[in-house]
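The values are calculated or read from the model by the stated rules, or taken from the named source; none is laboratory data. This one's a predicted model, so the numbers in the text were calculated from it and none came from an experiment. FYI the Cβ positions are ideal-geometry reconstructions off the backbone, even for glycines, and counts take in every protein chain you see. Heads up: the accessible areas ignore ligands, DNA and RNA and are worked out on the full protein's heavy atoms, side chains in. Shrake-Rupley method; radii C 1.70, N 1.55, O 1.52, S 1.80 Å.
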Amino acid sequence: MKFSVDKHDKYVTLKLEENKFTNDNAPGLKAEFYLLNSQGFENIVVDLSCVTECNDAQDLSCLLVGDRLCKSAGGLFIVTGINDELASIIELSNIFQSVMFVNTIDEATDFIFMEELEKEFRGAK
């Protein structure tokens, strides 16, 4: 499985660098979510802009694991870079009801920084 990880102070961006999202790479992605979470990253942005094909909505269920990990840590899990092909599978799977999807990485980071500011104002961090 090919992916890149870009770690920042408040979040980490994980970019899947394969054109297919399959049951071959979904477990590796899930393992990376656990690893990043154990390293203290509570905000994760997943960039799927390279992915052009996903044949089974079940493969996308690994995104629910990332979402659950981030929420339990008090953070955000955001997916970006969705094309029309993936959008239809995501819609069929109803995963969009749990996971936050945005158009760009910039939008994702804006959400994260807004959430972090709110935490500071509430005295949570």
Handout entry: segment 3-122 - Rg over Rh from alpha carbon coordinates, Kirkwood radius
Key = 0.95
Practice task
Pop out the ³J(HN,Hα) list for segment 65-78 in order, Karplus 6.51 cos²θ - 1.76 cosθ + 1.60 with θ = phi - 60°, rounded to Hz; leave Gly and Pro as x.
Solution key: 5, x, 4, 5, 4, 5, 5, 5, 8, x, x, 10, 10, 10
Practice task
Pull up the cross-link candidates among the lysines for residue 10, meaning alpha carbon to alpha carbon under 24 Å and not fewer than 8 places away within one chain.
Solution key: 2, 30, 71, 119, 125
Practice task
Please give the solvent-accessible surface of residue 15 in Å², to the nearest 10, using a probe radius of 1.4 Å with every protein chain present.
Solution key: 60 Å²
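In percent, how large is the relative contact order of the chain, given Cα pairs closer than 8 Å and 6 or more residues apart?
Values: 196 pairs, mean separation 29.8, N = 125.
Worked out over the chain, it gives 24 percent.
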Practice task
Over the alpha-carbon set of segment 18-72, work out the extent along each principal axis and list the three values in angstrom, largest first.
Solution key: 31, 19, 15
Handout entry: Which of 52, 62, 31, positive extreme of dipole for the chain (C-beta unit charges)
Key = 31
Problem - Helix-only mean residue ellipticity at 222 nm for the chain, each DSSP H run of n ≥ 4 adding -39500 (n - 2.57), per residue, nearest 500 - result: -13000 deg cm²/dmol
Problem - Residues in segment 30-60 that a label on residue 23 would reach, taking backbone N under 12 Å of a point 7 Å out along Cα→Cβ - result: 55-60
Handout entry: Helix axis angle, 105-122 relative to the chain longest principal axis, alpha carbon, degrees
Key = 30 degrees
Practice task
Could you rank 34, 11 by how accessible they are, 1.4 Å probe, largest area first?
Solution key: 34, 11
Fill in the blank from the handout: Under the 7 Å Cα-to-Cβ spin-label approximation, residue 35 and residue 85 lie apart by a distance in nanometres of 2.6 nm
